[in-house]
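The next block holds one structure in the form of structure tokens; read it before the comments.
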Amino acid sequence: MATFSETQDVTAFLKAKGVTKANLAKFSESGKNGVVTDTGLTLRVANKVVEIGKITADMQVSWFTPEDGEPSWMLHTRGESKIEILDTFSI
């Protein structure tokens, strides 16, 4: 089963990585979509982001581990990781 972890808001993630510009792109060789940044960092992109056609501040980035293939960062819409919070305990 594919997993999402280390989820954070896209703005916080990009600032932490020193990114000032992120482009939603289509890679001509593979035909796949992704995000390319001014620091050389690339991210996978969820299909829903491609449907929206732009990166918005309410999106999130998670470390994505697919069932097969290499893990990497993925840009996705909030809640796309299918995590359901059942309860919260705070100290």
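Here are some notes:
- Positive-end extreme of charge dipole, the stretch 3-76 - chosen from S62, S5, V49 (charges on Cβ): V49
- Couplings 3J(HN,Hα) for the stretch 7-19, derived from phi with the Karplus relation 6.51 cos²θ - 1.76 cosθ + 1.60 (θ = phi - 60°), are 5, 8, 4, 4, 5, 4, 4, 5, 4, 5, 8, x, 7 Hz, where x marks Gly and Pro.
- Electrostatic dipole magnitude of the chain [Cβ: Lys, Arg +1; Asp, Glu -1; Cα centre; debye, to 20]: 400
- Cα-based shape type of the chain, given that a ≥ b ≥ c are square roots of the gyration tensor eigenvalues and the cut on a/c is 1.5: prolate
- The alpha carbons of the stretch 8-56 give a radius of gyration and a Dmax of 10.8, 30 Å, in that order.
- The label-point distance for T11 and F27, in a model that sets each label 7 Å from Cα toward Cβ, rounds to 2.9 nm.
- The GNM of the chain, with springs linking C-alpha atoms under 10 angstrom apart, assigns the highest mean-square fluctuation among E51, E67, E29 to E29.
- When shorter helices are ignored and each DSSP H run of at least 4 residues is given -39500 (n - 2.57), the per-residue value for the chain at 222 nm works out to -3500 deg cm²/dmol.
- Applying the criteria of a DSSP loop state and at most 16 other Cβ atoms within 10 Å to the trypsin sites (Lys or Arg not before Pro) of the stretch 1-71 yields K17, K21, K32, K54.
- Average Cα contact separation per residue, the chain, under 8 Å, 6 or more apart, as relative contact order %: 31
- Applying the Karplus relation 6.51 cos²θ - 1.76 cosθ + 1.60 with θ = phi - 60° to the stretch 32-40 yields 3J(HN,Hα) values of 8, 9, x, 10, 10, 10, 5, 9, x Hz, where x marks Gly and Pro.
- Theoretical gain in end-to-end length, T39 to T3 [0.36 nm per residue, Cα-Cα removed]: 10.4 nm
- Amide H contacts under 5 Å for M59: V10, restricted to partners 5 or more places along the chain or on a different chain, H placed in the peptide plane at 1.01 Å from N.
A short reminder: the numbers here are calculations on the coordinates, not readings from a lab. From a predicted model like this one, the values you see are computed outputs, not experimental measurements. Neighbour counts are summed over all protein chains in view; Cβ atoms, including those assigned to glycine, are modelled from backbone coordinates with ideal geometry.
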